Every structure is written in structure tokens, then in C-alpha cells.
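No value in this document is a laboratory result; all are computed from the given coordinates. Here the structure is a predicted model, which is why all the values come from computation and not from measurement. No Cβ is skipped: glycine too gets one built from the backbone with ideal geometry, and neighbour counts run over all protein chains shown.
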Amino acid sequence: MKFMSKPVNNISKEVTELKRKLSLILVILMTIMAWMPAEGLAQEDKALEQAIRAAKAKIEIPESFTEFSYNAGTDRGKTVWYLDWTGKDRMEGSLNVRVDEDGTILSYNFYRPYQYDSTRKFPKVSRHQAAEVAEGFIERMQPGLVSELKPVEDSELLQMGSAHRFNYVRLENGIPYRGNTVNVEVNSETGEVQSYYCNWSQGLAFPDPGDVISRQDAEMGYRDNLGLKLIYRYNYDGEESRLYAVYVPVYGTSYAVDAFSGERIKVSQYYGPYPGMGAERAAMEKSTADAADVIELTPEEKKAVEEVSRLLTRERAESIARGIKELEISRDYEVSRINLQKDWNVGDSYAWELNFEKKASSSERSSGNIWVRIDAKSGFLKGYSRYLPVEGESEGKYTEDRARKTVEEFMKTVYRDKFNDLEFDPAYEGHYYPLGRDENPVSYSFRYIRKVNGVQFPDNSVYLSFDAVNGRVVSLSMDWFDLEFPSLENVLEMEEVYSKLFEGIGLELVYSDVYTEGYERPEAGDNKPEIRLVYNARQEKPIIFDAFSGRILDYSGRPFVEKKAAKYTDIAGHFAEGQITALAEYGIMLPGDEFRPDESIIQKDFLYLLVKAMGYYGSFEDDSKLDEMYNLLIREKVVTKEEKNPDAFVTREEAVKFMVRSLKYQDVADIKGIFVTGFNDQGRIDPELIGYVAIAKGMNIIGGSGGNFYPKNSLTRAEAAVMLYNRLNG
């Protein structure tokens, strides 16, 4: 019986080495045998042959891929074969296929090293051509499957890159089921399919949609059983902090409206292009060193010194931690590590993190460890965790209600001045799993949200874990910002926001998995997820509404902008219409409904288009982000600090200079005395820029007019588009 494609060679004659290698082989064999389904072992050779034939019937294996290996496993009760082909020298790439016992191709990956052009260019294979290739491949893998799929696009904008990516969702009765998807990647230079993945479940039962409630009734069900709520949100990006009021769903994306009853129902979360974005916390350790008195501190350094002078000392932080009796930090615990860290979600917030350790005594099985986080200004407890061992498979001794009461008594002591501003969050579902239908869980998780001016501020919350066996709080995480909260006068009425939700985003009818008791989603073996028909909010936009204007916001609190190509109203029939339109399809466009093609372009607009052509997708059209764009271009050596002049008109020779620098050819362009542009008016070109103009002409970025370049003329917006198009089409 052969489990490995390559025998172990060059076994040493030394007995010890022989034993070592034989032991290794036995371990590998036992591992694979444990993975293989027992009933399939006797027929392994035949089943493998069938899998290879099924793969080669639909996929052409390059003749140079002479090396073959395989392994096997199970997926949803079926044997699945993993087949791998590559060349002897492994330099030509590899091809992998995953095929089940029925001969269905589940996934395919083809890697071949390519000499990709490092500069950003329009794909050689168009998106439309690639889509035809992708759907043809799907049809070849599983005839008829394409008719059961719906393309899903994260954005209307096209993407430049090494591959076109296509995502499809399953359709049943013309209704999407996001639990089953197909994904295909097509190489944008060669047109070859380089990956295919099919996640498909057989034997699922889909409810008949004949008797579903109307969309209007679903909207009423959403209002009554799901609903929106008014909250404060906070965002800090390192430079600017924003505290703002918004309307958001009460239950996030965890629930939908049952399409037959209109009731609330818990569904599986299949994230779309805008998944929820949690605040990420980074830490920066501070160190100090003695410095000579002659060294002058910068204003920023002086500010940091002043900040530290206002913080608690490490000794005071340790004393506060030990003084919280609920944390049970006895004298047996010693500080093993202490760090002062900056909280990046608030500009001037710092915290002390302390690790306390107690070495195990001869009678104890393990040592103790307690981690504590103390706000370095106010001294309140921001974080805490400890491990408590549980003997055996113990059932929890606390019901959920009793656990919650114990947790709240803990908080009343630890947060006596803040507890009344905290509200229990019934919509939060901690991750715990009951031992059985009638048994208590071994742990519970709870969340309490801060309320300000009568509304919740979820960015300030307390998360707690409760050990239901030992009866103690074992972890805690808290954020509490000292901020000035805006008034909530004149916020929109809830009904007005519902109108914006249903008209601006809308509900869609979808099939979705639902959770069983205990929130477990059955997948393995013969278990099938229960499919229900629900109305859910569409996923193309975030469900965040400005509380005053009703405008949809993104997750940073700025107005949400759909990723779609601009449709300008003033370019029809213009000589640059094709180039302007092509650029806009890839997101290289100026904001607004008019392009104003014959107007002179100013520096910030030209550089905005250029930075998009370089592949950067920041929201640089906002004037508040101008410095960020310029800093990026200065770092990339496209612009110098001295050349920054956002509202100045750009000359044709200046545009060429920026363009060539963006391609990283400035070192060559700066060589003097070797370039001839071929333009009649070369004498009018800045001598420092002759090399740049010559390179741009050689790359067909510019062509001139009547044999002239007109270097000092202001560049028009249309001419800028043509130059950028030529740069990407080279």
C-alpha cells in the first residue's frame, strides 16, 4: 500500500539513524492512516486512480509537470483527494486539484512563474474576456452550474493587478444563498485560470418562496423586531478624532426578518465587502535614557516629557492593582513585567500593563499568573485576566442570571463611580457552549455599554468573562474616554431614518443558515444546516446613518462613497472621451459630474489622478487629506517639498517630470548630454527636463502636436487624462 509518492532515500547504514528514519516513516504512515476513512483503505488504489482520471478529464496537466504526489482526507462525509503535479526542478510552477470521491472538482490552483511588469498597467486581458474564461471554466468543471450562480461584485470599479477575481453566490429559486459560493481567478496577462474554489453543499432543503410576506411587511417586521438605535461612535486615526451620533442596527448583522412570519431570527453572518471594523489597539513601549544637558529637545519631545510627568508612577500603578481586592493579588504574586503603553484609540491616553506571577509550591500543580491594565492618568482598571484551573469536565455551578448578578456586584465595587453609567447589553452573545441541553455552561461572557445623554456609546464598553465553575470574574476589558459629547438636539426622528434605510439600502430576500440551540452551525458528516428564507439588509453599503443628516457613513465616520466609475456629462464627442472613460472605470477620476476637459489642470488634481494611477486608493479628493497625499508622493520621490503648490497650474514639462518620476526613471532622466527629444521646440524645454521629455516620448506617453511639445503651456485636464492613459497602456 503506497501512501507517499516519494520513498525515503539515502538511509544511513548506522543503526541509530536507521531507527530514527523508520520511526519517522511510521509516524507519517500512522498519521495518514488516521486521516484516511477506514472503509476506503482497501480500495485506495482504485479510488486514487478514479480521482486522477476525473481531474485529467477536465484539466490539462502540462507535460513538464512529471512529478506527482497526493494525500486524502474527508469533507462532509466524503473522501477528498488532494492531487499535486509539478516539474522535476520545481521551477516551472505547480498544479493542485482537490477532487471528491464522486469525481467533482472542488478546487484548482495553477501557479506558473511569470515575468510581471513592475509598473502598473491596464490588463492585457479585459475584465469581460476574463469573465467569459471564468464561466467557461466553471461550466467545464461542473456542467450546468453557471446557471445556478449570481456574480457578486464588491465594487463597480475595475481593478489592475495580476489577476481578475470573480465571486459567485448560489441561486435557488432565483434567490441568493451565501452559504455556497464559487470563486475564480483569471491571470490578467495570459488569460489562464489560476485558481478555482467551489464551496457547495448537496442535499440541502430550501423553503418554497411562494408564501413569503411582502417587502412592505418585512420592513414593518424589521422596525418591530430588529430595529435601529441611536448611539455615539468614536474614531481616531492618529491625527484626528471624531465623536459623532449615528443610527445603527440594534442587533448588527446577527439577525434577520423571517420571510414568512416577520419575526426576528438568528442567521449565519456572511460578510460582504464592508464587514464590521473593530478598533485595533497597538502598543508602543517607552524607554528612557540619560542624555547630555547640551542636547536640545524638540517641541514634540518636550510635550511627551510633560505628558509622562502627569502620569502615575509604576509603583503607584502596582499599588492600585494590589489594592483592588477583587483581583486577589496576594503577596505571593510578584511583578514579572511592567510596561507603559500608549492607547492609540485616544490621542493622549496611556496605560500601565503589569504581569504578576506566583511560582507553584510543592503542593500546587501550576503557577499563577494575573495580568492587569491600569489607566496611567486616572488609575481605573482597564483590563484584567487570570487562569483558574478546572478539575475534570465540571458543569457550571451558576445559571446565567446568577452569574450576571455576581458580575454586577464585582463591577459595583471596581467601578463604583461608573457603574450607574453602564447598561447591560442583551444583544451581546458571548462565545460559550453548553455541555448539554439541561446543563449550565462552564463560562459566561457579558457586555455592558456606557450611556451618555441617554444613548449608548459602544466604543466605551466593559467585556467580562465569568468562570461558572469557580464562581469568579476571570477576564475584563474596558475602554472609557474622557471626551466632550455633542448634544443630541435636532437628531432625525427614527421613522425618517427607517425611510433612508429602506430606500437607500433596502432589504433583500435571501436563503440563510440558522443556528440551532447553543448557536452551533452543523457542518460535518451527514448533518445539514437548516436553511431559512429571510429578509436581510443588503450588504453593499454600511448600515450607519448620520443622526442629523441621515447620510450613510463609512466605518471611519466619513460620508460613504460608492466605488463606481464617474459618468461625466461634458465629454461626449471630445477627443479624449475614450481615455477619460477608460481611466474612470479603474477609479482614476476626478470627483463631480463634469470633467471640464479643456480647462487647465492644477497640481493637486493632476497629482490626485497620478497617485490613483500608481495604485493608491486613499480618499485624497478630500482637501483635508491633501497633506497625506503630498507626503506619500514626497516619500515616493515623485514631488519634492519645494515643488508642492496645490493650486498652481501644471505645465506640460512639469507633468512629464512627475510622470517619469512615478515610473522610477529619474536617475536615468537626470543624465545630461545624451538625450534628444526630436521635438522642434526642444530649445524651449528646461535643460534639466530634456531627459524626462525624451523618456516620456520614447514610452509613447506623449506625442506632441505638429512636431512641437509646447513645454511651457499649461496642461489641460483632457491632456492629463491622455498622458495617464498612455502611461498605463504602454
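The trypsin sites (Lys or Arg not before Pro) found in the stretch 435-475 that occupy coil by DSSP, while having at most 15 further C-beta atoms within 10 Å, are 437. If R0 equals 25 Å, the separation of the Cβ atoms of residue 215 and residue 172 corresponds to a calculated FRET efficiency of about 0.85. Beyond 21 Å between alpha-carbons counts as too far, so tell me which of 612/664; 229/563; 229/266; 541/625; 56/88 fall in that bin. Where the Cα-Cα span goes over 21 Å, the pairs concerned are 229/563; 541/625. Label-to-label distance, residue 263 versus residue 640, with points set 7 angstrom from Cα along the beta-carbon direction: 7.3 nm.
To the nearest 0.05, what FRET efficiency results for residue 548 and residue 503 with a Förster distance of 25 Å applied to their C-beta separation?
Details: r = 18 Å, r/R0 = 0.72.
E between residue 548 and residue 503, to the nearest 0.05, is 0.90.
Is the stretch 399-479 best put as rounded, prolate or oblate by its Cα gyration tensor, with a ≥ b ≥ c the root eigenvalues, rounded for a/c under 1.5, and otherwise prolate when a/b is larger than b/c, oblate when not?
Prolate.
Between residue 319 and residue 88, the simple spin-label model (points 7 angstrom out along Cα→Cβ) gives 7.7 nm. Counting other Cβ atoms within 10 Å as a rough exposure proxy, the listed residues 513, 217, 598, 89 run 89, 598, 217, 513 from fewest neighbours to most.
With R₀ set to 35 Å, the beta-carbon distance separating residue 369 from residue 404 gives a calculated FRET efficiency near 0.85.
Please report 141, 91, 614, 723 as a ranked list, fewest other C-beta atoms within 10 angstrom at the top and most at the bottom.
Values: 141 22, 91 9, 614 18, 723 25.
Final ranking by Cβ density, sparse to dense: 91, 614, 141, 723.
Once fully extended, how much extra length lies between residue 425 and residue 78, figured as 0.36 nm per residue of separation less the alpha-carbon to alpha-carbon distance?
Details: separation 347, 0.36 × 347 = 124.92 nm, distance 4.20 nm.
Separation in residues times 0.36 nm, less the Cα-Cα distance, equals 120.7 nm.
Exposure proxy for 665, 196, 725, 387: other Cβ atoms within 10 Å of each Cβ, ordered fewest to most, give 387, 665, 725, 196.
By per-residue mean of other Cβ atoms within 10 Å, what is the highest-first order of 606-612, 672-678, 249-255, 320-326? Don't skip to the end; give the middle numbers.
Numbers: 606-612: 22.6, 672-678: 12.4, 249-255: 17.3, 320-326: 15.7.
With the highest mean Cβ count within 10 Å placed first, the list reads 606-612, 249-255, 320-326, 672-678.
Net charge in the neighbourhood of residue 595 (other residues with Cβ under 11 Å of its Cβ; Lys, Arg +1, Asp, Glu -1) is -4.
Each label point was placed 7 Å from the Cα along the Cα-to-Cβ direction; for residue 667 and residue 57 their separation is 5.6 nm. Taking the average, over residues, of other Cβ atoms within 10 Å as the packing measure, peptides 57-67, 542-552 rank 542-552, 57-67 from highest down.
Count neighbours as other Cβ atoms within 10 Å of each site's Cβ, and list the GluC sites (Glu not before Pro) in the stretch 559-588 that are DSSP loop with at most 10 such neighbours. Can you show the working numbers first?
Working: sites: 562, 577, 585; in loops: 562.
Counting only loop positions with at most 10 other Cβ atoms within 10 Å, the GluC sites (Glu not before Pro) in the stretch 559-588 are 562.
Fully extended, how many nm does the chain gain between residue 153 and residue 555 (0.36 nm per residue separation, minus their Cα-Cα distance)? Mind showing how you got there, number by number?
Values: separation 402, 0.36 × 402 = 144.72 nm, distance 1.97 nm.
Taking residue 153 through residue 555 to full extension adds about 142.7 nm, to one decimal.
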